[in-house]
Amino acid sequence: MFQDEARFGRISGTRRCWCPRPHRPVVATEVSQEYTYAYAVVSVPEGALDSLILPHVNGTCMQIFLDEVAARYPEDRWVMVMDGAGWHRNQDLVIPENMRLLTLPPYSPELNPVEHLWDELREKWFHNRVFDSLEALEDHLETGLRSMEGSSEMVRSIVSWPWIIDSLLI
């Protein structure tokens, strides 16, 4: 399984959009310092995605996420591949019995396929959007994540990189 976190906030990103000629599109924007974080783990061969929305990226939230993933798959044993963020190396983390952690090399986000899931989520669910509150953003984020979790074929098409699949078949 590959794991990553992403920050989603009330800062809207404007992108190109379509409207009939001769009109110009009007897109609302907002800059606010309110954020929430999505934690996700994906099983590459199956395209199974599990996610959790938490208020921070720190050791406490990471522990909640690890415990939740371990509880969802109590009969399985997992190797979770993640980046070297400080909260991943927190000395207070209690690694669940059915899980082992493997850290990617430093400064190599391109090796983590979950990064591409975040790109897909932002492109399909968050462009040209303004949210009235952090709760509205979290509701929309939950809807997007549930949609992705329900579409293992789409997730697999994004994360099943040949080098990952080949390494699993050895």
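Values quoted throughout were computed directly from the atomic coordinates according to the rules given, and no laboratory measurement underlies them. Everything numeric in this text was worked out from a predicted model, so none of it was measured. Positions of Cβ are generated from backbone atoms using ideal geometry, with glycine treated the same way; all protein chains shown enter the neighbour counts.
The table for this structure:
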{"item": "The listed residue being in a helix (DSSP H, G or I) and exposed (fewer than 15 other Cβ atoms within 10 Å of the Cβ), out of Glu115, Glu97, Glu75, Glu110", "result": "Glu110"}
{"item": "Unique residue being under 27 Å from Ser151 (Cα atoms) and in contact with a Lys or Arg (Cβ under 6 Å, 6 or more places away or on another chain) when the list is His116, His56, His127", "result": "His127"}
{"item": "Filter pass, Met82 being under 14 Å from the mean Cα position of the chain (by Cα) and not β-branched (Val, Ile, Thr)", "result": "yes"}
{"item": "Residue match in the stretch 121-133 (condition: of a type in the set (Lys, Arg) and in a strand (DSSP E or B))", "result": "no"}
